[in-house]
Amino acid sequence: MPMKRVYTFGDGKAEGNAEMRNLLGGKGANLAEMNLLGMPVPPGFTITTEVCNEYTLKGRDAVVKLIQKEVEDAIAHVEALTGKKFDNPENPLLVSVRSGARASMPGMMDTVLNLGMNDATVASLAEKSGNPRFAWDSYRRFVQMYGDVVLGMKPKSKADIDPFEEIMDKMKEEKGVKLDTELDVEDLQNLVKQFKAAVKDFTGKDFPDSAWEQLWGGICAVFDSWMNERAILYRRMNQIPEEWGTAVNVQAMVYGNMGDNSATGVAFSRDAATGENMFNGEYLINAQGEDVVAGIRTPQQITVEGSRRWANLQGISEQERAEKYPSLEESMPTCAAELIAIANRLENYYKDMQDMEFTIQDGKLWMLQTRNGKRTGAAMVKIAMDLLRAGEIDEKTTLLRMEPQKLDELLHPVFDKSALKRAKVVAKGLPASPGAAAGQVVFSAEEAEAWAEKKKKVILVRIETSPEDLRGMAVAQGILTMRGGMTSHAAVVARGMGKCCVSGAGEIKVDYKAKTVDMGGKTYKEGDWISLNGSTGEVYDGQVPTTEPELGGDFGAIMNLAAKYTKTLVRTNADTPRDAKQARSFGAQGIGLCRTEHMFFEGDRIKAVREMILSSDVDGRRKALAKLLPMQRADFEGIFEAMDGYGVTIRLLDPPLHEFVPHQTATQKELASEMGLTLEEVKAKVDSLEEFNPMLGHRGCRLGITYPEITEMQTRAIIEAALNMKARGIDVHPEIMIPLVGTLKEIQNQADVINITAAKVFEERGESVPYKVGTMIEVPRAALTADQIATVADFFSFGTNDLTQMTFGYSRDDAPKFLKFYKEHGIIKTDPFEVLDQEGVGQLVRMGVEKGRATKPELKVGICGEHGGEPSSVKFCAKLGMNYVSCSPYRVPIARVAAAQAAIEE
Ligand code: PEP
Ligand code: MG
């Protein structure tokens, strides 16, 4: 059987269903399913995502040939169901052409509505509907959209003006009107004429009259939009593979712009910002498709309750609200009731919060889309727990509903309550995406990126945001817009990113040219500080201080579920008692990596460290080390205490020594006089430590082997601290870790020093404590000879930062310069220093685990590189049977959920 590339739906039947989202895209699969559920959906068909890949490979002509017959048959199917004819002015069938990938990418790709119109069909549409204004409004929208999307007339940057908008603005100015809806039939006819002239100017050709030519143009434009800049950026940010492709959905048009008994809107079955179980949404009367989400006109609320809440935030009286901005429940009660019933049914069916698009044509409701809605981290947790409590989903599904990375949002600081009381509110908008953000005002995505690159915190302030602003939104602390509702693309995307966003702050005045925004009687210039409260919609003057969030409730419940299902422990990388405590409060069960050198920089310690390094003999070094001993011991005591009952892995000194010595003459002078040396002597020593490749130089166990007194001192500090804490009733489990081991001899050498020193301390003190000696596996040779190394090691901890560096041969410090380019040009998909390269580095990790355990089945294995807190890497490690992953304190909850998911998925 030949490959099927087109799937039809309509009138309660469909060739596809919800299970087929990989092939039909999310929108196509759910349109099919809604048909099967007997919901009102305009008939149509879906061209598969596989065709998108064929399109990229073989090009336009080949693909049109491949699908021509199927598309023609599918159009005939829609004609039969609607009783209308495509490319025929008698009773014209008009269609929408919309994208729909496997994962939803709100607003990133292109759409064409009212396709099939020309001078003949517009006349017949006007006559048949008895509404010439509607017909001509549809026509002018079509020419504009088609010109933008298919003929490439869309402005390339924010600074460019859409040629069609320019024409329309001029006309409105001449007529002295503000809204599109104030233009009459003659104006619209005039607009179409001018639009077509603009098309001819731009393309050198007449606007295509043939509906078929228009259809192929529309279909190919959607495929092309899969590769547009913002779609590529969105995919990269959300790790959506390019191979997934987009489907194309062609559907009979229904019209929300047929007059005051027509409307279009977006609805959510629950609150996407907070997760509250409250149906909500927005609509616009006499409008079409993108008008709501594009944030052009300020939309009205669907429910009365939502409408009152909105009016309250906007400072609009109840009377004005009811008159000017009534809810759908008030303006079209029957449609509103039907919509709410459908939303309930869809949510019960998909067992998840739904994000729906609908159109009301002349009093009849049509569903255009449903999908699992994007939500904030807080909403993700609350919705899943509410569904669990309602018995809709089970515990495992609840955990699998978590996008672990999103938990991060819940751990972020919130505004300090008392500071908030004193903060001056300068504006109020809609609480589009919760969170606390303070930053310096910038007015464009480009500026936001430039400032963020300089490590500045920015708030992106826009009149309205569009998908082009994505880059700027990604780097900003928060987003403030003057226009746009809760369902505008900006709000949806911000919630998806977990970015604080206040939208539709109507009273602020943004001036892009002057780079100012007027709020609360003050003019804010670029660079001035403001703060946003995405949970209340308030905007404050200046920088409002923040505090730690309170965790518990649903978050705690999710953590408990994770603990119930996980097979992998989560430890933390922490160097101070404070970080250790913080991580423990997030559920860390031990320390996987304490980098002792980080303690060397505190207070006066660096002096003793420098003295040690610059000493020319062992005695000198021992003298300096003796000064460090009590300080290190005290640090370890604090950490053992914080981790009472859990293992604490302490790593011996690792970095190249020259990182500690002073390079400025003034400091060198100071050091020389303290040590009784000449400046020249100090300089000479500093110079002698210079290395061509310090990362591959005298560091890690190579230091302890050449200067065993360092290992001795550190071992003594660890063991003495453990004994001291044990005496105080603390349950201590010290684990001493040797860095950068590559050969059996290296670990043997250091293990001997450690064991001899520990034995000495036990003898001196007349008591002992169990301890382990293990190693980092971070040099490829260690993974290759893990069977030998395991003869000495009690545990392995994969240092995937160095292992990635040495496997790729990419310097950790220099790689960012070219990795950015690599990512942008598809040479690599993700930064291997962030996401473990399972294919390459992962082989070494697997080999290390297997070889190590072949020698010593009880060998304890973990990971302590940055990857230990990245969900996909955590899952990989869990599946390899590691005992634990270790990550920075704030990533502990993320790792816990990812590890539990790995156990459930197995
Ligand atoms: C590693 O290399 O993965 C590691 C944890 O050690 P560091 O980052 O300190 O080199
Ligand atoms: Mg390392």
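Hey, does the range 604-617 have a residue that's over 45 Å from the mean Cα position of the chain (by Cα), surrounded by 21 or more Cβ atoms within 10 Å (Cβ to Cβ) and more than 16 Å from ligand 2 (Cβ to nearest atom)?
Checked against the condition, which is being over 45 Å from the mean Cα position of the chain (by Cα), surrounded by 21 or more Cβ atoms within 10 Å (Cβ to Cβ) and more than 16 Å from ligand 2 (Cβ to nearest atom), the range 604-617 yields at least one hit.
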Checklist entry - Is it true that some residue in the range 813-824 is within 16 Å of ligand 2 (Cβ to nearest atom), of a type in the set (S, T, Y), open to solvent by 10 Å² or more (accessible area, probe 1.4 Å) and without any contact (Cβ under 8 Å) to a residue 24 or more places away in the chain? => result no
Next on the checklist: If the requirement is being in contact with a Pro (Cβ under 9 Å, 6 or more places away or on another chain) and buried (at least 20 other Cβ atoms within 10 Å of the Cβ), which of these qualifies: T596, T572, T568?
Outcome noted: T572
Checklist outcome for this item: Residue pairs qualifying under the 9 Å Cβ cut-off, at least six apart or on distinct chains, with the first in the range 830-852 being under 26 Å from K820 (Cα atoms) and the second being modelled with pLDDT of 95 or more and exposed (fewer than 15 other Cβ atoms within 10 Å of the Cβ), are P832/G840
Item to check | Per-region count, the range 767-805, residues surrounded by fewer than 21 Cβ atoms within 10 Å (Cβ to Cβ) and within 16 Å of ligand 1 (Cβ to nearest atom) | outcome: 3
Next on the checklist: I'm trying to understand the selection: among the residues of the range 631-669, which are surrounded by fewer than 15 Cβ atoms within 10 Å (Cβ to Cβ), of a type outside the set (A, V, I, L, M) and without any contact (Cβ under 8 Å) to a residue 24 or more places away in the chain?
Outcome noted: H663, Q664, T665, T667
Item to check | Among the residues listed as Q589, Q543, Q582, the single one being surrounded by 19 or more Cβ atoms within 10 Å (Cβ to Cβ) and modelled with pLDDT of 90 or more | outcome: Q589
Checklist outcome for this item: Taking the range 16-51 and keeping residues of a type in the set (A, V, I, L, M, F, W, C) and either surrounded by 23 or more Cβ atoms within 10 Å (Cβ to Cβ) or under 19 Å from P241 (Cα atoms) (or both) leaves M20, L23, L24, A29, L31, A32, M34, V41, F45, I47, V51
Checklist entry - Quick check: is even one residue across the range 175-186 modelled with pLDDT under 95, within 18 Å of M253 (Cα to Cα), touching a helix residue (DSSP H, G or I) at 6+ places or on another chain (Cβ under 9 Å) and part of a loop (DSSP other than H, G, I, E, B)? => result no
Item to check | F808 within 16 Å of ligand 2 (Cβ to nearest atom), under 30 Å from L233 (Cα atoms), within 37 Å of the chain's Cα centre (by Cα) and open to solvent by 40 Å² or more (accessible area, probe 1.4 Å) | outcome: yes
Checklist entry - Considering A273, A267, which residue is closer than 24 Å to R309 by Cα and in a loop (DSSP other than H, G, I, E, B)? => result A273
Checklist outcome for this item: Of the conditions (1) within 16 Å of ligand 2 (Cβ to nearest atom); (2) modelled with pLDDT under 95, the single one that I650 does not satisfy is (2)
Checklist entry - Is it true that some residue in the range 474-485 is open to solvent by 40 Å² or more (accessible area, probe 1.4 Å) and at pLDDT 90 or above? => result yes
Next on the checklist: Can you find, within the range 659-715, the residue that is modelled with the lowest pLDDT among those that are small (G, A, S) and within 16 Å of ligand 2 (Cβ to nearest atom)?
Outcome noted: G697
Next on the checklist: Here's a check for you: in the range 717-747, which residue that is open to solvent by 70 Å² or more (accessible area, probe 1.4 Å) and assigned to a helix (DSSP H, G or I) is nearest to ligand 2 (Cβ to nearest atom)?
Outcome noted: K745
Checklist entry - Looking at the range 445-475, which of the residues that are part of a helix (DSSP H, G or I) and among the acidic types (D, E) is nearest to G107 (Cα to Cα)? => result E468
Checklist entry - K456: open to solvent by 50 Å² or more (accessible area, probe 1.4 Å) and modelled with pLDDT under 90, yes or no? => result no
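The values are calculated or read from the model by the stated rules, or taken from the named source; none is laboratory data. Here the structure is a predicted model, which means the values were calculated and not measured. Methodologically, a virtual Cβ is constructed for each residue, glycine included, from the backbone with ideal geometry; neighbour enumeration extends over all protein chains shown. Heavy atoms of the whole protein, side chains included, go into the accessibility calculation; ligands, DNA and RNA do not. Shrake-Rupley method; radii C 1.70, N 1.55, O 1.52, S 1.80 Å.
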